[in-house]
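Chemist: Below you will find the structure I want to go over with you.
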Amino acid sequence: MQSTFELQSLVQQSILNQLIGNYQSELHTIRAENNEAQQRLDRKENDREQIEQEEAEENEKAYRETMLRLGMVRDPAPIETDEYRQFIGASCRRLAAAGGAR
């Protein structure tokens, strides 16, 4: 027959093993949730960057078309001038005023 001390030791070890198992399970769940949340954030960031790139390309195209229509340039390649920056800035302000800013 086992002594009281041995029985207490077995009960304590069993409880400790159960607590460690619960902790590890909870830790695994938290890590999985964090990983999923990070993936969602990464997808949102990628989407935002893609939208910004598309908007920049649209602004650049609108600038080139406007400059060509006005006859101010013959080459439709973008020219990084003060006028270009002002034109793009005004477009961004109009977009924001219209509620299209993200």
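Chemist: Here is a list of conditions, (1) over 30 Å from Ile88 (Cα atoms); (2) surrounded by 10 or more Cβ atoms within 10 Å (Cβ to Cβ); (3) at pLDDT below 90; (4) not aromatic (Phe, Trp, Tyr), and Ser14 meets all of them except one; can you say which number that is?
Modeler: (3)
Chemist: Further, regarding this structure: Only one of Gln8, Gln39 is at pLDDT 95 or above and in a helix (DSSP H, G or I). Can you tell me which?
Modeler: Gln39
Chemist: May I ask you to list the residues in the range 39-66 that are more than 27 Å from Phe87 (Cα to Cα) and open to solvent by 90 Å² or more (accessible area, probe 1.4 Å)?
Modeler: Arg40, Leu41, Arg43, Lys44
Chemist: Just one of (1) open to solvent by 90 Å² or more (accessible area, probe 1.4 Å); (2) in a helix (DSSP H, G or I); (3) aliphatic (A, V, I, L, M) trips up Met1, so point out which.
Modeler: Met1 satisfies all of (1) open to solvent by 90 Å² or more (accessible area, probe 1.4 Å); (2) in a helix (DSSP H, G or I); (3) aliphatic (A, V, I, L, M) except (2).
The values are calculated or read from the model by the stated rules, or taken from the named source; none is laboratory data. This is a predicted model, so every value here is computed, not measured. Cβ coordinates were reconstructed from backbone atoms using ideal geometry, including for glycine residues, and neighbour counts include every protein chain displayed. Note: accessible area is taken over every heavy atom of the protein model, side chains too, but ligands, DNA and RNA are not part of it. Shrake-Rupley method; radii C 1.70, N 1.55, O 1.52, S 1.80 Å.
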